[in-house]
1. If you place +1 on the Cβ of every Lys and Arg, -1 on the Cβ of every Asp and Glu, and leave all else neutral, what size is the dipole of the chain about its Cα centre, to the nearest 20 Debye?
2. Straight-line reach only, C-alpha to C-alpha below 14 angstrom: list the aspartates and glutamates that K111 could link to, leaving out same-chain residues fewer than 8 apart.
3. Run through region 108-158 and list the trypsin sites (Lys or Arg not before Pro) located in a DSSP loop whose Cβ has at most 11 other Cβ atoms within 10 Å.
4. Determine the distance separating the Cα centre of region 30-76 from the Cα centre of region 149-166; give it in Å without decimals.
5. Which value at 222 nm does the chain reach when only helices count, each DSSP H run of 4 or more adding -39,500 (n - 2.57), with the total divided by all residues and rounded to the nearest 500 deg cm²/dmol?
6. Run the quick spin-label model on E68 and Y43: label points 7 Å from Cα toward the beta carbon, then report their separation in nm to one decimal.
7. Positive end of the charge dipole of region 5-247 (Lys, Arg +1 and Asp, Glu -1 on Cβ, about the Cα centre): tell me which of V137, I245, T27 has its Cα farthest that way.
8. Given a 1.4 angstrom probe, I'd like the percentage of the accessible area of region 1-141 that is carbon and sulfur, rounded to a whole number.
Amino acid sequence: MRKKVIAGNWKMNMLPNEAIDFIDKLTPLVKDTQNEVILCVPYTDLFYALLTAQNTNIKIGAQNVHWEESGAYTGEISAKMLKSIGVEYVIIGHSERRKNFFETDEIVNKKVKAALANGLKPIICVGETIEQKEAGVTKKVVTEQVKKVLDEIKEEQIENIIIAYEPIWAIGSGKTATIKDANDITKEIRDEICKIYGQKASKRVIIQYGGSVKPENCKEYLNASDIDGALVGGASLNPEIFAEIVNN
Ligand code: PGA
């Protein structure tokens, strides 16, 4: 049985004191869950979040990483740097980064390789635009993305990655994919992994759904056969609400 993994993506929100307060409030609310709980926080919160989450079942992740280990990349943070302070996860290729910072599948792939090489677990985002959905090419678009972002990733590394299927039109919009559509696409992703890496890897890989997940709709997504968790944006900014999703 695959574990359910609920990850919060705070995006560009929360000051360190707010992060500390949030984790202090969340800790008792999720302490008995069997699910994996991750908070992906801004760089400036990482250290405080890691300290506050010590001795809890809450894991801490970043929201971006550079693919080089060090060098003349002003303003960037490497996987080695994240690992050095105890970060475990990193979101890579979120659609907001693809759109606003021109990240391509090739860049996402380089970041995934760097993360894995440094012992970080990447949460890799894929998903279609509204135009692609309306043109009926969602499956093709998403499987192409999966193939490209996993280029040269080895079978034994697959258990250290999470794929988040996030239809771009569902992010922050209040609109959601139907449970059937979300499950069909996650299954399609799993089948693609099976084609590339075989059944063992495809049965192990964690595939989340993301896009306007909230307490009112999370249960159905999390109960779907191929959906192994959720990547949660807006609803991860309140500890009580996020805990409801974790405890679904
Ligand atoms: P949302 O964001 O839950 O606010 O739609 C999801 C995400 O961006 O990962």
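The values are calculated or read from the model by the stated rules, or taken from the named source; none is laboratory data. From a predicted model like this one, the values you see are computed outputs, not experimental measurements. Backbone-built Cβ (ideal geometry, glycine too); neighbour counts: all protein chains shown. SASA here: full protein model, heavy atoms, side chains in, ligands and nucleic acids out. Shrake-Rupley method; radii C 1.70, N 1.55, O 1.52, S 1.80 Å.
1. 440
2. Result set, ordered by chain and number: E68, E69, E76, E103, D151, E152.
3. K154
4. The distance from the Cα centre of region 30-76 to that of region 149-166 comes to 19 Å.
5. -13000 deg cm²/dmol
6. 1.4
7. The listed residue farthest towards the positive side: V137.
8. 55
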